[in-house]
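Written below as structure tokens is the structure these notes are about.
The values are calculated or read from the model by the stated rules, or taken from the named source; none is laboratory data. In this text, all values refer to a predicted model and were calculated from it rather than measured experimentally. Every residue, glycine among them, receives a Cβ derived from its backbone with ideal geometry; neighbour counts consider all protein chains shown.
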Amino acid sequence: MTVTIPTTLPSLPKSTLSNLSAKRRQAIIVVLISAILARSVPLNASATVRGWKEDRTARRAERKRRETETPLNTPALEKKLVDLYIPDPSGSRTLLVPHLGRISKVRITPTSSELYQSHLASFPPLDPTEKLGVNKKFWKMLVAVLRVAFPSKTGKEAFLLVLHTFFLLSRTVLSVMVARLDGRIVRDLVSANGAGFIRGLGWWFALAIPSTYTNSMIRYLERKLALAFRTNLTRYIHDLYLNDNLNYYKFGLGLGVPVPAEQKKPGVAGGANEASAGTADQFITTDVAKFCDSLAALYGNIGKPALDMLIFTSQLAASLGPLGTLGLFTNYAFTAWVLKKATPAFGRMAATEARLEGEYRAGLGRIGRDGEEVAFYNGGKREKGILLAAYEKLAKHVHSVFKARIPYGMTEDFTIKYFWSACGYCLMSLPILFPAASKALQATGTHARTEAHHEVAERTESYVSNRRLLLSLADAGGRLMYSGKDLAELSGYTSRVYALLSSLHALNNNIYPENPRPAALEEDQPFYDLSNVHGRVIIGPKHLLLRGIPVVAPAGGAAGAERGGEELLNSLDLRVEQGEHTLITGPNGVGKTSIARIVARLWPTWSGLMERPIHGEGGIFFLPQRPYLSIGSLRDHPHTYAEMKSRGRTDAELMSILGHVHLEYLPKREGGWETRKEWKDVLSGGEKQRMGMARLFYHRPSYAILDECTSAVSSDVEGLMYEHAKNLGITLVTISHRPSLLKYHNRHLRLGDPTQHNIPSTPLTRTPLASSTSLTNLTAPQTPSTPLAAHGWQLTTLNSTSAEEKKELEHEIAEIERQLGEVEGWEKRLEVIGKELRGEKVN
Ligand SMILES: Nc1ncnc2c1ncn2[C@@H]1O[C@H](COP(=O)(O)OP(=O)(O)OP(=O)(O)O)[C@@H](O)[C@H]1O
């Protein structure tokens, strides 16, 4: 692109103005300037300051009114919700975003799986030994991330970039014009040319308007560009993070977080810390934002000063001659070399800072999430200690960055401000001090029409213009050199965003680094490496089948490489057909919930075959111990209003479901179906679990895996809910420690450690009564499939004809247990009475 810079300013039309008297000319200029100023200041010309204040108050009041008059749960908004939350057949959906009392509609089109597939090759996992910094790997990572942030050459971002470039160019052109005008004004002053001086001032103000506008637009466009990058990245990450492959869960387990080089220091766990705290917050929020800000700013920070330097140098070259120009370039090369030597590893520092911020943030997040538990245990002090330690680490690191910046800043300031200025003075003195150079200056023709008595004025003009250009040049050079630091920092943020993206891509495609079998592992011990998962999973059949499935807790990162996943059960066989209600029991930590995790596909199926129905209505449903309650209205919990309507479900039906879980009072207590609350804080533990069961009744799946999901519900209500679930035709697979639940099941899967003959804590064997023959009788007659001691599990079928008998026995057991609990008290009482009868002193 060639840029033509006017070396002389256009003068005001002389023909008309020169006919006027000096006074009239001045008046015209003043009027012109006033008019221009009035337009450039955001004030109504007729408005007084008081009027403007009143205006502002009225505007604020109007905004407040609009905000308060459109509460989120008005019927009007609900109606809109119905219209807008219905998903589009194309897969996109329109979100409602309340903003300043209005509802903005944002249409979100999900990122296609084809796009993810096409990007996969650009995001190979990070090599942990890779050094961070402005190197080849950085450029590769940047290009990969840019494919997401800047998806199209003809899109919105491209348009913003072109506009941004235009304003950057304009600013440079305006800077040159201002420099020239500066010289001219001083020249007119020195030569006592009043008219010229006033004219110059007029131009000065005339130039001020486009200059200020250009500066504001540059900042505005830079921020808009950063926001556009961030929106693209955020949507892309959301779709990849929160998809059906459960990447958010796997990421939280720390399965997919690579550890970049900066985190490889001994004793530093790296990004895994953030991930194991179940958070990608820092990555998705701060790191993405910093990356986008840094990238958008960098374009201006490199492009603009580079352009400035080119143009200013060409302008100066005209005045300084070939020798001066050569001097300038030597100067640039020398400065770049010095600064490169003095630049610390800003990229690594930025990445470390982001990681430490993430760890600190994860600590804070944990307190927010588990506030009640922390408070009950009075764990504030402990948490404060953890937070302080995390903050101290962060503060120390930031401090070391500041310290590293001192010598760098000194070198930079010295070279660019002082050394460059000194060089500039020397160069400018050439045409003045040396006649030959002076001739060369005149030969450039810029000011060839110098008359003898104007020589001083011309020299002053040349000096002032050149000095201003040199100052601008020093400024541009400074910014260009400083952008080296920005670039280094960008490399740090890029590595963080890239790590997140490559990690999510790998998780999404089940790609894990291959680990060799550790030598320390015994021959007969299987090695469960995440890269070697080859079990078959079929989703869709009408039954649940686990054949030859090892139950293994996965381990990612270094732990996974050292010893692989932890085997809980070697090989489990279980087939559940409709109506085969199965209770799973076993000691703590034996792997009961892990079975549910494998069926729900949270954990991998290392080998064997797993078949199960689809998730949700008519398929399989999972209820964990801690129910999931989202933020939204009470009604949103089974379904959104729109989804409910589209399925023809009614409020009366919801009410009857709440009746079955004994929560019919809830809508009234909480202010109706539409009330939006943070339900996990509003409902009691038992209420939350009952809400979970209500969801189950609403969706009526064929199978339900209930993992201790009624542990906080009273036994009577629990029984009613189990009976109701069975009446609805839901086949129950229950994980529980409560023997009382046995009566609602016709099969029993017991888990236990095959190496321990005396299984310690299964409730069925823990209490003296439960381990006695009466309980063995309770579960008999059975059809033992495998001996417990051999495989760690045993499946038995309970005799259905003895169901009533079992209930009776159950009651009897409970009664005897209660009476046994009182024995100690009665014995003490007996002792006291005996003492009293013997006349002994009683304490
Ligand atoms: N997220 C996890 N990552 C790795 N290992 C895990 C994870 N969750 C659990 N484990 C391991 O798996 C083992 C079995 O856990 P699981 O939750 O299945 O036990 P459980 O039988 O349901 O116990 P409980 O009766 O106490 O609920 C635990 O001992 C634990 O070491």
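Summary table below
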quantity	calculated
Number of positions in segment 599-609 that are within 16 Å of the ligand (Cβ to nearest atom) and at positive phi	1
Qualifying residue in segment 514-537 (condition: over 30 Å from G619 (Cα atoms), within 16 Å of the ligand (Cβ to nearest atom) and basic (K, R))	no
One residue from R366, R355 being within 18 Å of G492 (Cα to Cα) and of a type outside the set (V, I, T)	R355
Residues of segment 546-563 that turn out to be in contact with a strand residue (DSSP E or B) (Cβ under 8 Å, 6 or more places away or on another chain) and within 15 Å of the ligand (Cβ to nearest atom), as a count	7
Where I735 falls short, out of the listed (1) farther than 17 Å from I657 by Cα; (2) more than 16 Å from the ligand (Cβ to nearest atom)	(2)
Any hit, segment 185-197, residues being among the aromatic types (F, W, Y) and surrounded by 15 or more Cβ atoms within 10 Å (Cβ to Cβ)	yes
Residue in segment 640-686 that is surrounded by the most Cβ atoms within 10 Å (Cβ to Cβ), counting only those that are touching a strand residue (DSSP E or B) at 6+ places or on another chain (Cβ under 7 Å) and part of a loop (DSSP other than H, G, I, E, B)	E674
Failed item, numbered, when G591 is tested on (1) near the ligand (Cβ under 7 Å from one of its atoms); (2) surrounded by fewer than 21 Cβ atoms within 10 Å (Cβ to Cβ)	(2)
Those residues of segment 703-716 which are surrounded by 22 or more Cβ atoms within 10 Å (Cβ to Cβ), within 15 Å of H662 (Cβ to Cβ) and more than 16 Å from the ligand (Cβ to nearest atom), in sequence order	V713
First in segment 553-568 and more than 15 Å from K250 (Cα to Cα), second anywhere and part of a helix (DSSP H, G or I) and within 12 Å of the ligand (Cβ to nearest atom), Cβ under 7 Å, 6 or more apart	L568/S594
Those residues of segment 787-801 which are out of contact with any Leu (no Cβ under 6 Å at 6 or more places or on another chain) and at pLDDT 75 or above, in sequence order	T796, T797, L798
Flag for H581 being closer than 20 Å to L623 by Cα, more than 16 Å from the ligand (Cβ to nearest atom) and in contact with a Leu (Cβ under 7 Å, 6 or more places away or on another chain)	yes
Of the criteria (1) more than 28 Å from the chain's Cα centre (by Cα); (2) under 22 Å from L242 (Cβ atoms); (3) away from the ligand (no atom under 16 Å from the Cβ), which one A596 fails	(3)
Helices (runs of 4 or more DSSP H) contained in segment 283-398 and holding at least 2 residues polar (S, T, N, Q)	304-342
Answer from E804, E822 - the residue that is in a helix (DSSP H, G or I) and modelled with pLDDT of 80 or more	E822
Selected residue [surrounded by 16 or more Cβ atoms within 10 Å (Cβ to Cβ), of a type outside the set (S, T, N, Q) and modelled with pLDDT under 85] from G719, G752	G752
Residue selected from segment 306-359 under the condition buried (at least 21 other Cβ atoms within 10 Å of the Cβ) and of a type in the set (S, T, Y), by the criterion modelled with the highest pLDDT	T352
Output for segment 189-203, where each listed residue is at pLDDT 85 or above and either within 54 Å of the chain's Cα centre (by Cα) or closer than 23 Å to L470 by Cβ (or both)	G200, L201, G202, W203
Among the candidates R575, R612, residue that is away from the ligand (no atom under 15 Å from the Cβ) and buried (at least 19 other Cβ atoms within 10 Å of the Cβ)	R612
